[in-house]
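Enquirer: First the structure, which I've put down as C-alpha cells, then a few questions once you've had a look.
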Amino acid sequence: MIEAFGLSKHYGAKTAVYNLSFQVRPGIVTGFLGPNGSGKSTTMRMILGLDEPSSGTVTIGGTSFRRHPNAARQVGALLDAKALHGGRSARNHLLCLAQLSGIPKRRVDEVLDIVGLRSVAGKRSKGFSLGMGQRLGIAAALLGDPRVLLFDEPVNGLDPEGIRWVRQLMKRLAAEGRTVFVSSHLMSEMALTAEHLIVIGRGQLLADQSVKEFIAANSADFARVRTPDTEPQLREKLTAALAEAGGRVDPEADGALRISGLPLPRISDVAHAADIRLWELSPHQASLEEAYMRMTQGAVDYASTAVPGGQPAGPGQPPHGTPPHGMPPHGTAPYAMPQGAPFGAPAAPGGGFVPQPPQPPQTGFGPPPQGPPAAAPAPVQQPTSDPEDAR
Amino acid sequence: MSTPYAAPQAAPAAPGPHGGVDHRPARPVEQSTHLGHAIASEWTKIRSVRSTIWTLAVMFALVVGIGLLTALALESGPYAELPVLGGGLFGMMLGQLAIITLGVLTVTSEYSTGMIRTTMTVCPKRTRVLTAKAIVFFALTFVMTLAATSLTALIHSAMLEGKPLSPYHDLNVGADPSQAVETATATSQQWLQATVGVSLFVALLGLLSLAVGTLLRSTPGGVTTMLGLVLLPFLISLFLMTESTRELGDALREYSMLNGLSTLYHMPFEFTEDASQVNGWPLLGLLAAVTAAALIAAYARISTRDV
C-alpha cells in the first residue's frame, strides 16, 4: 500500500507535482499515467525517498521509505534502466545490491533466471540493449522479493515479446498479493496491464479510478454520418434536424458529421423524416487513447486558452511540465493541440482567457455534459495558488 | 525476437521464489541491514570496475618504477644526495594523482551513471552508504600504497644505504654533529614515515577527494578541485617571493600538500639544519583534520540533498 497525501514538489519556481493525493492498493496493478514531464518520475522519486517533497507526505506500508529498516525487502523499484554503472557486469551489479540489503548471493542467479539474463550475466552492462537494461533493472527490483514494486516506464525499449512478458510479470506479481505501481505514458499499454489508473497531468491528479470506470466515463459512443458530397445543403439541414432531436453534432474535417447522444436508429429516423439521403451511418467508439489525450489536454488547456479557435498551433508538444501555477493565462500557448486529438480544431469557440473548468473545449466530441463527472474537470478546479505558499 | 538470452515467457513458468501462488505468509522476520552489508556491497562495487584496477595499477607502476629509476640515478653518484628513502617522493608525487582520481570516481561515477538512485533505493540510509564507501576506499588505497611504498623503500635501502654522505647534504646527520655517521642510513622513524606515513597521507588525500566528489557530484569538478588543492598553494607561493608577501608565501609553501608529502620523506621544502627535527606527522595530522571537515560537510550534503 502506497499512500500519498498532498504531495507537492517545487524546483525553484517550477512546480513539478502539486497537491497529489492517492492510494495504491495491493493485489492489483495500478497504472500511473501522464504525458512526458507530467511529474510521474518526480512522484516516484518522492515515494522512494530520493527527493524530499516540498510539502505533503508519502508512505509505503505506513512508513516513509527512508525509515524502513530493510527497504529492499519491502520495496523494489525500477526507476531508470540505465541507472547503473556500465562497466560492471550484470551479475556484479545485482550482487552489490543484494549484499547491500543482506540478500543471499544465490538470489542473484534466481532473478537473473526470472528475467532471462543468465547467459549474459558476466557481460558488462554497457553493451546491453535498452531492453536488456530494462530486464536487468527489473531483476534488481525483484531481488528482495518485495511486497511493493514500482516500475517507471518498464516497457521502454522492449520489443513486443518483451512488452508482453513485462505485462504478464506485473499481473502475476499483483496476483501474488503485491502492490504494483507502474508508470507509463501509453494509455494503450496501461489499458491492457492495469486494473486501476491514476492519471496526472502537469503534476496534478486528473483521475483516480478503475480502468473499467475510466473506459465507461471516457470512451463515449458516437456515430459518423455522411451526406452526399454533391449536396452540401443536406448536411446543414441534417445538422439542424439532429441538433433539434437532442444530439450533439460536430463536423469532421472530411465533411462527415460526428453525432453523439443519439442511437443509430434514431439518427436514421430523423434523416428519413427530414428527407435526407445518407451515404454513411456507422457506429464508433472513441478509443481510450483519445479519452486520455482529451483528459491530459484538459490539464494543459487552461494555461493556453488563448489559442484562437480553429487554429491548432501545429503538432504541439504534449504538456511539458511547465508549472500550472504562476503562469500567465494569456501565455503564448506553448502547446496547443496534441497530435492525438483528431477532429478537434474548430470547436474551441472563444479564444478568451477563461480558465473555465468543466469542458475541455477544443475537442469537439467530448462526453456529453451530463456524463459521469470523473474526468477532466479536476485539475482546473484546483485552486490556482501561488507556488510559493505550498512550501 | 532474436534475443541472445533465454525466451522470456518461459522463465516465469519456472517455479522460482516468485512462481506460483506463494503468498509466503510466513516470511521470516526481516532483519535490518547494517554497515557490514554496505561494506560488502561497496567492496563488490569497487573491485568490479576497471577504473579501480587501472588507477591502482598506474599508481603502483609510477611509485615503484620512478622509485627504481631514481635509485639507479642516485646510485651512480659518488655521494648520497638525498635521505636514503627520499627518492620515493618523485614517484609518489605522480602516484597520488591516480589515488585522487580514484577517490573522486568512487562517488561521482555513481552520480554520473545514475547508479546512486539504485543504491539509495536499496539502502535509503545514505550516510551508511557514504561511510561504507569511505572505509572500503581508505582501506584499499592504504594497503595498495603501503605495498608500493614499502617495495620502493626496500629498493632504495638496498641500493643506497651505506653510500658516503655528501659534505653539503647533512640531512642524515644525527643531533650531535660530532657523532655524525659517515654513511647514509635510514632511521626507523624515516622508515615509518616513508612507508606507513606516506600511505596514510595518500589514502587520506584520496578520502578527501571522495568527500569533495560527494560535495560536487561531478568527476571533472572533483578532480580539478583536488588538483588545485594539491598544486596551487605551492605554485602560488613561488610568486610571493617579494618582501611584503614573503610570509604568506612561506606559509603557503609550508602547509601545501606537496610539502606534507615531501616532509614525510624527510625532505621538507624549508631546509632544516637539524635533520632529526624533520617530522612529517604534524602535516599528516593537518590533512586528517581537513579531510574530517570535508567528510562532515559531505555527510550533511548527502543526507539532505535530493539524489
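The values are calculated or read from the model by the stated rules, or taken from the named source; none is laboratory data. Keep in mind that what you see is a predicted model, and the values were worked out from it rather than measured. Quick reminder, even Gly has a Cβ in these numbers, built from the backbone with ideal geometry, and neighbours come from all protein chains shown. Calculation scope for accessible area: heavy atoms of the full protein, side chains included, ligands and nucleic acids excluded. Shrake-Rupley method; radii C 1.70, N 1.55, O 1.52, S 1.80 Å.
Enquirer: Could you sort A:GLU236, A:GLU189 by their accessible area in this structure, using a 1.4 Å probe and putting the largest first?
Expert: Heavy-atom accessible area, descending, gives A:GLU236, A:GLU189.
Enquirer: Residue by residue through segment B:248-264, which ³J(HN,Hα) values in whole Hz follow from phi under the Karplus form 6.51 cos²θ - 1.76 cosθ + 1.60 (θ = phi - 60°), with glycine and proline marked x?
Expert: Using θ = phi - 60°, the values come out as 4, x, 4, 5, 4, 5, 5, 9, 6, 4, 5, 5, x, 5, 4, 5, 5 Hz.
Enquirer: Then there's this: Averaging over every viewing direction, what projected area does the convex hull of the Cα atoms of segment B:36-304 cover, in nm²?
Expert: 15.5
Enquirer: Follow-up. Could you go through segment B:84-98 in sequence order and give the Karplus-derived ³J(HN,Hα) for each residue, using 6.51 cos²θ - 1.76 cosθ + 1.60 with θ = phi - 60°, rounded to whole Hz, and x for Gly and Pro?
Expert: 3, 8, x, x, x, 4, 5, x, 6, 4, 7, x, 5, 5, 5
Enquirer: Over all residues in A:83-93, what is the mean tally of Cβ atoms on other chains that come within 10 Å of each residue's Cβ?
Expert: Values: counts 9, 7, 12, 4, 7, 9, 2, 0, 2, 5, 5.
For peptide A:83-93, the averaged partner shielding equals 6.
Enquirer: How many partner chain Cβ atoms sit within 10 Å of a residue's Cβ in peptide A:133-140, on average, as a whole number?
Expert: 1
Enquirer: Then there's this: Using a Debye calculation, one point per C-alpha and no hydration shell, please list log10 I(q)/I(0) for segment B:209-307 at q = 0.10, 0.14, 0.20, 0.23 Å⁻¹ in order.
Expert: -0.36, -0.65, -1.02, -1.16
Enquirer: For a test of the definition: using alpha carbon positions, the gyration tensor, and the 1.5 limit on a/c, classify segment A:56-200 as rounded, prolate or oblate.
Expert: Judged from the Cα gyration tensor, segment A:56-200 comes out oblate (a/c at least 1.5, b/c at or above a/b).
Enquirer: Calculate, for A:ASP254 and A:LEU130, the FRET efficiency according to 1/(1 + (r/R0)^6) with r their C-beta to C-beta distance and R0 30 Å; round to the nearest 0.05.
Expert: Working: r = 39 Å, r/R0 = 1.29.
Taking R0 as 30 Å, the efficiency between A:ASP254 and A:LEU130 is 0.20.
Enquirer: While we're looking at this one, here's another question. Counting only the heavy atoms of the protein chains, how much of A:ARG277 is accessible to a 1.4 Å probe, in Å² to the nearest 10?
Expert: 130
Enquirer: When the solvent-accessible surface of protein heavy atoms is calculated with a 1.4 angstrom probe, in what order do B:HIS266, A:HIS272 fall, highest first?
Expert: Details: B:HIS266 20, A:HIS272 150 Å².
Ranked list, largest accessible area first: A:HIS272, B:HIS266.
Enquirer: Please express the shape of segment A:1-132 as an equivalent ellipsoid: the semi-axes are the square roots of 5 times the eigenvalues of the C-alpha gyration tensor, given largest first in whole angstrom.
Expert: Rounded to whole Å, the semi-axes are 30, 18, 14.
Enquirer: Shielding of B:40-50 by partners, i.e. mean partner chain Cβ atoms within 10 Å per residue? Intermediate results must be reported in sequence, preceding the final value.
Expert: On the way: counts 6, 8, 3, 2, 11, 9, 1, 3, 10, 7, 3.
That average works out to 6.
Enquirer: According to the square roots a ≥ b ≥ c of the eigenvalues of the Cα gyration tensor, what is the shape class of segment A:218-261, taking rounded for a/c under 1.5, prolate for a/b larger than b/c otherwise, and oblate for the remainder?
Expert: Values: a/c = 2.91, a/b = 1.44, b/c = 2.03.
Here segment A:218-261 falls in the oblate category.
Enquirer: Once R0 is set to 60 Å, what does the formula 1/(1 + (r/R0)^6) return for the Cβ-Cβ distance between A:ALA273 and A:ARG164, expressed as a FRET efficiency to the nearest 0.05?
Expert: 0.75
Enquirer: Arrange the peptides A:45-57, B:293-305 so that the one whose residues have, on average, the most other Cβ atoms within 10 Å appears first.
Expert: So the order, starting with the most tightly packed, is A:45-57, B:293-305.
Enquirer: Excluding residues fewer than 8 places away in the same chain, name every one of the lysines whose C-alpha is closer than 18 Å to that of A:LYS82.
Expert: Qualifying lysines at Cα under 18 Å: A:LYS40, A:LYS123, A:LYS126, B:LYS45.
Enquirer: Same structure again: Which order do you get for B:TRP191, A:TRP279, B:TRP54, A:TRP165 if you rank them by accessible area with a 1.4 Å probe, largest at the top?
Expert: The ranking, largest first, comes out as B:TRP54, A:TRP279, B:TRP191, A:TRP165.
Enquirer: Okay, moving on. Averaged per residue, what accessible area in Å² does segment B:36-304 show with a 1.4 Å probe, protein chains only?
Expert: It amounts to 42 Å² per residue over segment B:36-304.
Enquirer: If you don't mind, there's one more thing I want to ask. Efficiency by 1/(1 + (r/R0)^6): what FRET value for B:LEU240 and B:LEU94, r their Cβ-Cβ distance, R0 = 35 Å, to the nearest 0.05?
Expert: For R0 = 35 Å, the calculated efficiency reads 0.85.
Enquirer: Pop out the ³J(HN,Hα) list for segment B:32-49 in order, Karplus 6.51 cos²θ - 1.76 cosθ + 1.60 with θ = phi - 60°, rounded to Hz; leave Gly and Pro as x.
Expert: Going residue by residue, I get 6, 8, 9, 4, x, 4, 5, 5, 4, 5, 5, 5, 4, 4, 6, 8, 9, 10 Hz, with x marking Gly and Pro.
Enquirer: Can you pull out the GluC sites (Glu not before Pro) in segment B:220-307 whose DSSP state is coil and whose Cβ has at most 14 other Cβ atoms within 10 Å?
Expert: Those that pass, being in a loop and sparsely packed, are B:GLU270, B:GLU273.
Enquirer: At the nearest 100 Å², what buried accessible area, both sides summed, do you get for A and B when the probe is 1.4 Å? Don't skip to the answer; put the middle values down first.
Expert: Working: alone 17600 and 16180 Å², together 28970 Å².
Roughly 4800 Å² of accessible surface disappears when A and B pair.
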